[in-house]
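Accompanying notes for the structure given below.
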Amino acid sequence: MGEDIGGRRERRKAQTRAEVRATAQRLFAERGFDAVTIADVATAADVAVQTVFNHFETKEALFFDDRTPWVAGIAAAVAGRPPGTGPLAAMRTFLEADLTAQLELESGPEKRSYLEALSRSASLQAGERTLVEQAGDLVARELTAAITADTPGAPTPEVEVLSRLAADLFLVAGRVLVLDHRRYVLAAGPEELRRPVHSTTTAALGMLEDGVRTLASRLGVPVD
């Protein structure tokens, strides 16, 4: 009985969170992010302001919730890579597929309000940069763990700096590609919205992987 009550409670919490998120993101699309307050969200969702804060620490968290699976996804791809796949290859493969899918998705007209909100709000841009930093921290830890999995003792400084460099280089490159594509989408007319994104993404990430491998070789760090 207790487990059933607990299960119902968790389902209600999850439902409330989803309803608050959907309401907030609808309001952001209709009015613009900066014009909507937490009180507005609470009123539209028919909940107390504190209920909103119980689920989301900030308005930025409301905006990004359920829209940024890549933050944990990149590190998870490294940790859960198939046998025989090196951590660098796993990171590059995931990012290539994820970036291509994201850029194609953001080309759609239904995403225009999302892109416009990001382009107009300094707080959202700062929030997205923070998410990139969080993803970098997660990936660097997983890269270090993968590289030293068969090595006893603490990671060497060479392993730690290589892991940090690799994580940040790939994530910064991804952000540059995303921001450039967003500027293009927002500036283009309907007939110009489509442009190939896969080839540029593949080339950029492939060059980065080659560069990190060269550095790893010079530092004596095995990455495969």
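Do we find that R9 is part of a helix (DSSP H, G or I), under 24 Å from the mean Cα position of the chain (by Cα) and of a type in the set (K, R) in this structure?
no
Only residues that are of a type in the set (A, V, I, L, M) and in contact (Cβ under 8 Å) with a residue 40 or more places away in the chain: list them for the stretch 91-105, please. Give the steps one after another, and end with the answer.
Here is the first cut: in the stretch 91-105, the ones of a type in the set (A, V, I, L, M) are 91, 95, 97, 99, 101, 103, 105.
Across the stretch 91-105, the qualifying residues are M91, L95, L99, L103.
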The one condition in (1) assigned by TED's automatic domain parsing to the domain that holds L171; (2) surrounded by 12 or more Cβ atoms within 10 Å (Cβ to Cβ) that H55 fails to fulfil: (1)
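Just checking, does the stretch 174-191 include any residue being assigned to a loop (DSSP other than H, G, I, E, B), at pLDDT 85 or above and of a type outside the set (K, R)? Give the derivation first.
Taking the stretch 174-191 and keeping what is assigned to a loop (DSSP other than H, G, I, E, B), we get 188-189.
Checking the rest, the ones that are also at pLDDT 85 or above come to none.
So far as the stretch 174-191 goes, no, none of its residues is assigned to a loop (DSSP other than H, G, I, E, B), at pLDDT 85 or above and of a type outside the set (K, R).
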Single residue of L99, L95, L131, L103 found to be more than 27 Å from A35 (Cβ to Cβ) and in contact with a Ser or Thr (Cβ under 6 Å, 6 or more places away or on another chain): L99
Residues of the stretch 43-57 satisfying the condition of being part of a helix (DSSP H, G or I) and either touching a residue at least 12 places away in the same chain (Cβ under 8 Å) or closer than 19 Å to L118 by Cβ (or both): A44, A45, T51, V52, F53, H55
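Any residue in the stretch 117-128 that is charged (D, E, K, R), over 24 Å from A188 (Cβ atoms) and part of a helix (DSSP H, G or I)?
No, the stretch 117-128 contains no residue that is charged (D, E, K, R), over 24 Å from A188 (Cβ atoms) and part of a helix (DSSP H, G or I).
Could you please let me know if R141 is in contact (Cβ under 8 Å) with a residue 60 or more places away in the chain and basic (K, R)?
On the way: in contact (Cβ under 8 Å) with a residue 60 or more places away in the chain: yes; basic (K, R): yes.
So R141 fits the description; yes.
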Give the stretch 58-75 a look and list any residue that's surrounded by fewer than 17 Cβ atoms within 10 Å (Cβ to Cβ) and assigned to a helix (DSSP H, G or I), or say none. A61, A72, G73
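The values are calculated or read from the model by the stated rules, or taken from the named source; none is laboratory data. This one's a predicted model, so the numbers in the text were calculated from it and none came from an experiment. Cβ atoms come from the backbone with ideal geometry, glycine included; neighbour counts cover every protein chain shown.
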